[in-house]
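These notes are about the structure you will find just below.
The values are calculated or read from the model by the stated rules, or taken from the named source; none is laboratory data. Remember, predicted model here, so these are calculated numbers, not experimental data. Positions of Cβ are generated from backbone atoms using ideal geometry, with glycine treated the same way; all protein chains shown enter the neighbour counts. Accessible surface is based on the protein model in full, side chains and every heavy atom, while ligands, DNA and RNA are left aside. Shrake-Rupley method; radii C 1.70, N 1.55, O 1.52, S 1.80 Å.
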Amino acid sequence: MNFEKLFEICAKDCLLSTSSPLVIGVSGGADSLCLLDCLSRLGFSLIVAHFDHHLRANSAEDAQLVRDQADRIGAPFFLGEAHVADWAAQHKASIEEAARILRYRFLFDLAEREHAQAVAVGHTADDQVETVLMHLLRGSGGEGLKGMTFSSRAPQWHATLPLARPLLHTWRAETLLYCQENKLPYASDVSNADIIYRRNRIRLELIPFLESYNPQIKSSLWRTADVLAAEQTWMDEMALAAWKECRVDNAPAGQVGLRKMTFQGFAIGLRRRLIRLAVRELRSEVRNLDFEDVERALHFFEQPSRSGQINWTFGLQWMLGALPGKSDPVFWLVDSLRQPPPDYPRWHEETCPLMIPGQVLIENGYTLSFSEESLPDQRQLADASAWEAWLDADTVAQHGLNLRHAHPGDVFQPLGLAGHSQKLSDFWINVKRSRAARQLWPLVCCAEQIAWIPGFRLAHPFRVTGSTRRVIHLKMVPPVLPPGAVPPPSDEVSS
């Protein structure tokens, strides 16, 4: 390992400093253990983090291996865990996607709590090649084909903390050799040989096939990604300049406005990028916007519908309107379910049984609907907002559902905490909901147990799992603010 080169990459490309704590995600494999040992030798202040996905019977052994290595270098160790298979079934996500989401949530939550400068992971040059091929097969443009970068920001995990990949220039064979030469024990995940996972098929089947045409295909793809990354940086700068020129300043929350005449004056490539920037501003968690969705938006811009609006994707709408008091046309991207409502939903009554199917009117213009439906598909879940939930119907069959407000001593088991309970009052504090808003916030319950907090979180016991056969679909619709409306003051508390 060339430590001088690695330190230069950490400082110049990953923007890491030895003077601040750094969270490092360590799976127990050769790549992450190589990175852990190298960063320790380079003098970084490390916080070692391991996430147990509970996908294998011996997963606790990997956690212990990482703990032992953290103890060896004198670094603090933190363990996160979740039953990924259950979460994947609930959210109709693949095991790979669910594991990635839960792992990064843990890493960035830990980094924020420990005041770390970044999260570092052991992605290698091989991972880069596999990522580029995955994006190529999906039909990605230049943004996807540039692959990963040494340092990137992912707003879906954290608004400011970066993700660092110091080993992106290092091949997997080099990390294996490093561990062997330095007698570092590492875990071998048997699932890495399971071709049911797309990345494994690419690594074990597609790349060897491509090597029969070009033995240096991996190096070629890595260089291609490196060149495209530099070019994408240049194009990003152009897109940001165009964004500043056509974006409406001080748009209401939950809305983005693009000035029609300015927008249509840009080249088609810039227009596509501006659409993606608009989505990113409203929905930072959206990673892959389909080409067809972008083209449908462009078609609407050229030939607006008679109604002047279209229901688009991910629960978003495009509307043709104008700025208040002005005639200049504006394309508004509206996320109606995530706009701050005119006032909080309030439920003054005690317990109201919910007779399925049906709907209930909630104070301040909200409507709660509920019905028994077939299992939702992955796209429905992707498009859903926090105002929508699917419950396992058999779980609530005995006691049914009811609507009430909070009671003293209420506890809640938020989805994603592996069934752990917390006081409802603590949950409200964590999500920064003010006392005035939470006092009469409507709660969907099964007997006395909270099943869903509309606008926030489903309860773990009522999630959809792999054995779910029937679901109850709950949806609370808040009032919709028209484009140009002035939203109410933020409800977030200062602490």
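Hey, what number do you get for the chain at 222 nm if only DSSP H runs of n ≥ 4 count, each worth -39500 (n - 2.57), divided across all residues, to the nearest 500?
-10500 deg cm²/dmol
Heavy-atom accessible area per residue, the chain, 1.4 Å probe: how many Å²?
49 Å²
Apply the Karplus parameterisation 6.51 cos²θ - 1.76 cosθ + 1.60, with θ equal to phi minus 60°, to every residue of region 271-278 and state each ³J(HN,Hα) to the nearest whole Hz, in sequence, with x for glycine and proline.
4, 4, 5, 5, 5, 5, 5, 5
Order the peptides 44-52, 439-447 from the highest to the lowest mean number of other Cβ atoms within 10 Å of their residues.
44-52, 439-447
Could you look at region 54-104 and say what percent of its accessible area is carbon and sulfur, using a 1.4 Å probe and all protein chains?
Within region 54-104, the accessible surface is 51 percent carbon and sulfur.
What's the lysine pair count for the chain at a Cα cut-off below 30 Å, pairs eight or more apart or interchain?
Final tally of qualifying lysine pairs is 20.
Using modelled amide H (1.01 Å from N, peptide plane; none on Pro or chain starts), what sits under 5 Å from the amide H of Gly80, excluding residues fewer than 5 places away?
Excluding prolines and chain starts, which carry no amide H, the hits are His50, Phe51, Asp52.
Amide H neighbours of Val471 under 5 Å, counting only residues 5+ apart in sequence or on other chains, H built in-plane at 1.01 Å?
Placed amide hydrogens put Glu373, Ala393 under 5 Å from Val471.
Amide H to amide H, which residues 5 or more places from Ser27 or on other chains are under 5 Å from it, using H placed in the peptide plane?
Here the answer is Ser32, since their amide H atoms fall under 5 Å of that of Ser27.
What is the magnitude of the charge dipole of the chain about its Cα centre, with +1 placed on the Cβ of each Lys and Arg, -1 on the Cβ of each Asp and Glu, and no other charges, expressed in debye to the nearest 20?
The dipole magnitude comes to about 820 debye.
Through the Karplus equation 6.51 cos²θ - 1.76 cosθ + 1.60, θ set to phi - 60°, convert the phi angles of region 56-66 into ³J(HN,Hα) values in whole Hz; use x for Gly and Pro.
Using θ = phi - 60°, the values come out as 10, 4, 9, 5, 5, 5, 5, 4, 5, 4, 5 Hz.
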